[in-house]
Amino acid sequence: MASLKPKSKINERQLALRLQLWPEVGQADIWAKEGAGYTYIPRTMPLIIAIIDDLTKGTPAGSTYFELFCRVFEDGIATLNKPKEMAFHAGLTGQRAERTWNDRLGRLDDLGFIKLAAGPSGKYSYALMMNPYHAIHSQYRKHAGVTADSYNTLLARVAEIGAKDLSSILVKEQEAARKGASKRSAAVLKKAN
């Protein structure tokens, strides 16, 4: 059984609150990340999944993405050697489950959320998980189905949690916009002279 020792001020407050609200619940009854079988999930994952589902209307691929994410280790690679099982874990059942799984993998690849590679399990043997913030940003800039509401909500949440994944892309875009504005200003001044 895990200890009740808090690890930080936030943990300390949460533990105190938990003990007040649910004094009858023991540590062993709580589903915590102290055992095997856990992965770290970005705090923005619900938004990422919702945006993926928006981008893949009619064939929502958010649960497919989440299943891949749960199979990835630090290297970012998911081995796709159990397509029937993985399809089932993603909520896909029936005779077309594997075909639907493969279709959704293809959609995620087309949208830039993953890169697929062939291997011993066929056309889709491996998936490399790409940075979802970059994929979403790219689709937003292409006006390809990411709404301003969803994108701005993601930006706000990213800022709230202190993630820096989009910073370099946004800085490059701002620099390019400034250079473009400077060139246009110089062209206007040249025409005026």
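The values are calculated or read from the model by the stated rules, or taken from the named source; none is laboratory data. Since we're looking at a predicted model, the values are computed, not measured. Cβ coordinates were reconstructed from backbone atoms using ideal geometry, including for glycine residues, and neighbour counts include every protein chain displayed. Side chains are part of the model used for accessible areas, which takes the heavy atoms of the whole protein and leaves out ligands, DNA and RNA. Shrake-Rupley method; radii C 1.70, N 1.55, O 1.52, S 1.80 Å.
Per-residue answers, yes or no, for (1) farther than 21 Å from LEU154 by Cα; (2) open to solvent by less than 60 Å² (accessible area, probe 1.4 Å); (3) modelled with pLDDT of 95 or more; (4) touching a Phe, Trp or Tyr at 6+ places or on another chain (Cβ under 7 Å):
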{"site": "TRP22", "(1), (2), (3), (4)": "yes, no, no, no"}
{"site": "GLN27", "(1), (2), (3), (4)": "yes, yes, no, no"}
{"site": "LEU47", "(1), (2), (3), (4)": "no, yes, yes, no"}
{"site": "GLU98", "(1), (2), (3), (4)": "yes, no, yes, no"}
Fill in: Search result, residues across the stretch 140-159 that are in contact (Cβ under 8 Å) with a residue 12 or more places away in the chain and small (Gly, Ala, Ser)
ALA144, GLY145, SER150
Worksheet item: What number goes with the only condition from (1) within 27 Å of ALA159 (Cβ to Cβ); (2) open to solvent by less than 70 Å² (accessible area, probe 1.4 Å); (3) touching a Phe, Trp or Tyr at 6+ places or on another chain (Cβ under 8 Å); (4) among the hydrophobic types (A, V, I, L, M, F, W, C) that LEU55 does not pass?
Response: (3)
Discussion item. All but one of (1) more than 28 Å from HIS134 (Cα to Cα); (2) of a type in the set (D, E, K, R); (3) not in a loop (DSSP other than H, G, I, E, B) hold for ARG107; state the number of the condition that does not hold.
Written reply: (1)
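Condition first: among the hydrophobic types (A, V, I, L, M, F, W, C) and open to solvent by 70 Å² or more (accessible area, probe 1.4 Å). Now tell me which residues in the stretch 136-167 satisfy that. Give the steps one after another, and end with the answer.
Filtering the stretch 136-167 down to residues among the hydrophobic types (A, V, I, L, M, F, W, C) leaves 136, 144, 146, 148, 154-156, 158-159, 161, 163, 166.
Answer for the stretch 136-167, where residues must be among the hydrophobic types (A, V, I, L, M, F, W, C) and open to solvent by 70 Å² or more (accessible area, probe 1.4 Å): just ALA159.
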Worksheet item: Is the stretch 68-81 home to any residue that is farther than 23 Å from VAL158 by Cα, open to solvent by 20 Å² or more (accessible area, probe 1.4 Å) and part of a strand (DSSP E or B)?
Response: yes
Discussion item. Take the residues in the stretch 107-135 that are under 28 Å from ARG157 (Cβ atoms), out of contact with any Gly (no Cβ under 6 Å at 6 or more places or on another chain) and among the small types (Gly, Ala, Ser); name whichever of them is surrounded by the fewest Cβ atoms within 10 Å (Cβ to Cβ).
Written reply: GLY112
